[in-house]
1. Under the rule of -39500 (n - 2.57) per DSSP H run of 4 or more residues, summed and divided by the residues of the chain, what mean residue ellipticity at 222 nm is obtained, to the nearest 500 deg cm²/dmol?
2. Between 46, 60, 29, find the one with the highest GNM mean-square fluctuation for the chain; connect C-alpha pairs within less than 10 Å.
3. Take the Cβ-Cβ distance between residue 14 and residue 48 as r, set R0 to 30 Å, and report the resulting FRET efficiency rounded to the nearest 0.05.
4. Output needed: percent of Cα pairs per 10 Å distance bin for segment 5-75, bins running from 0 to the one holding the longest distance.
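Coordinate-derived values only; no laboratory data. Remember, predicted model here, so these are calculated numbers, not experimental data. Note that each Cβ is placed from the backbone with ideal geometry, even for glycine, and that neighbours are counted across all protein chains shown.
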């Protein structure tokens, strides 16, 4: 909802303020409205640099590794692989015993 409010505010700004800005850049009969586009281009370049350096790379790591990067090492529950392997072995043994009884 908050994002929607900011998007609507940006749309209103572009609709009503940009024409005033274009008029402000037109002085003495010279149209220098390209300066407004230069401001926008610099802003977009700044956003690109921010995203390039601040967003986390998500191509290679697994979801668990990404959670550790974003939320920290305490965000992921500790898993004891040896205990899980023991439980799986126990389950497979009980399944084999149950199959032999049938």
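1. -23500 deg cm²/dmol
2. 29
3. Using R0 = 30 Å, I get an efficiency of 0.95.
4. 16, 26, 23, 17, 12, 5, 0
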